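The structure under discussion appears below in the form of structure tokens.
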Amino acid sequence: VPELMKRFRADYPQADLIIEEHDKMSVVEAISQGLNNLGLIAWGLTPEEKPAYLKERNLEFELYGRREIVVYISKAHPFAQYNEVPWAEIIKEQLVLPSKRLKTLLASYQLTLPEKVLVMSDREALKKMVAENFAVAVMPDNYMIGDIFVELGLIQTVKIQGLGCCGMDCLLSSRRRRLSFLENQLLVLLRELLQGYEKECLAEQAAIEF
């Protein structure tokens, strides 16, 4: 998002770009009803999230890259020395999640959750708790892309052993209306950024496999 805003404002300084953050199903319904114009979500994380669901709501959609559920930790956490960690070790920690929906999602992967799981919708409070090593967070790997905590190395990510790919980036627009010129230019920028990220993921995967 920061890179998108930077490039869009550089090309169209007189235009207003409004970005809103909602849960994915609210985004799907808002675009389907014509309340919003473009959306970016992680799709395919659960068995119910299929292309047919989006088609039924008159949505155009494009899928890019891959999404994973990962562990966010402080740079001082013992997990920081590993590339991946078993779930059995993760649940021994104080665990924090950004939403109840993610709690349900993890259960759908047959991952047992500890009794004391914190659910924090306050993004800044969650990041501070992780950065200060009071808890570890389990979230999609795109949750903190471009975030200052990650850029400064205060928060790192570790893969969950054996979990692998859990979905894809999904770019949404409505079939009910035509996009304006600026909306189409924004769509082009989004495609470029997603394709770039997709190439980075493939290169990273190839390096790991090699």
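Could you pull out the residue among Glu84, Glu132, Glu93, Glu89 that is acidic (Asp, Glu), in contact with a strand residue (DSSP E or B) (Cβ under 9 Å, 6 or more places away or on another chain) and under 19 Å from Glu68 (Cα atoms)?
One residue alone meets the criteria, Glu84.
So, in region 10-54, how many residues would count as being open to solvent by 60 Å² or more (accessible area, probe 1.4 Å), hydrophobic (A, V, I, L, M, F, W, C) and touching a residue at least 60 places away in the same chain (Cβ under 8 Å)?
Number satisfying all stated conditions: 1.
Looking only at region 70-101, filter to residues that are open to solvent by 70 Å² or more (accessible area, probe 1.4 Å) and within 22 Å of Cys170 (Cα to Cα); which one of those is farthest from the chain's Cα centre (by Cα)?
Lys100
Only residues that are at pLDDT below 85 and over 24 Å from Arg123 (Cβ atoms): list them for region 10-62, please.
Ala10, Asp11, Tyr12, Pro13, Gln14, Ala15, Pro47, Glu48
Please indicate, with yes or no, whether at least one residue in region 55-69 is more than 23 Å from Phe181 (Cα to Cα), open to solvent by less than 20 Å² (accessible area, probe 1.4 Å), among the aliphatic types (A, V, I, L, M) and more than 19 Å from the chain's Cα centre (by Cα).
no
In the list Asn133, Asn184, which residue meets the criterion of being out of contact with any Ser or Thr (no Cβ under 7 Å at 6 or more places or on another chain) and open to solvent by less than 70 Å² (accessible area, probe 1.4 Å)?
Asn184
Of the conditions (1) within 15 Å of the chain's Cα centre (by Cα); (2) within 30 Å of Leu54 (Cα to Cα), Thr157 satisfies every one except a single condition; which number is it?
Failing condition for Thr157: (2).
Yes or no, residue by residue, for (1) more than 20 Å from Tyr82 (Cβ to Cβ); (2) at pLDDT 85 or above; (3) buried (at least 17 other Cβ atoms within 10 Å of the Cβ):
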site: Gly164; (1), (2), (3): no, no, no
site: Gly167; (1), (2), (3): yes, no, yes
site: Leu172; (1), (2), (3): yes, yes, yes
site: Leu179; (1), (2), (3): yes, yes, no
site: Phe210; (1), (2), (3): no, no, no
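What are the residue pairs meeting all of these: first residue in region 113-128, first residue on the phi < 0 side of the Ramachandran plot and among the aliphatic types (A, V, I, L, M), second residue part of a helix (DSSP H, G or I) and surrounded by 13 or more Cβ atoms within 10 Å (Cβ to Cβ), Cβ atoms under 6 Å, and 6 or more apart or on different chains?
Going by the 6 Å Cβ cut-off, the qualifying pairs are Met120/Leu126.
Is it the case that Ser108 is among the small types (Gly, Ala, Ser), within 23 Å of Gly44 (Cα to Cα) and touching a residue at least 12 places away in the same chain (Cβ under 8 Å)?
yes
The values are calculated or read from the model by the stated rules, or taken from the named source; none is laboratory data. Because the structure is a prediction, the values reported are computed rather than measured. Positions of Cβ are generated from backbone atoms using ideal geometry, with glycine treated the same way; all protein chains shown enter the neighbour counts. The area values use the complete protein model at the heavy-atom level, side chains included, leaving out ligands, DNA and RNA. Shrake-Rupley method; radii C 1.70, N 1.55, O 1.52, S 1.80 Å.
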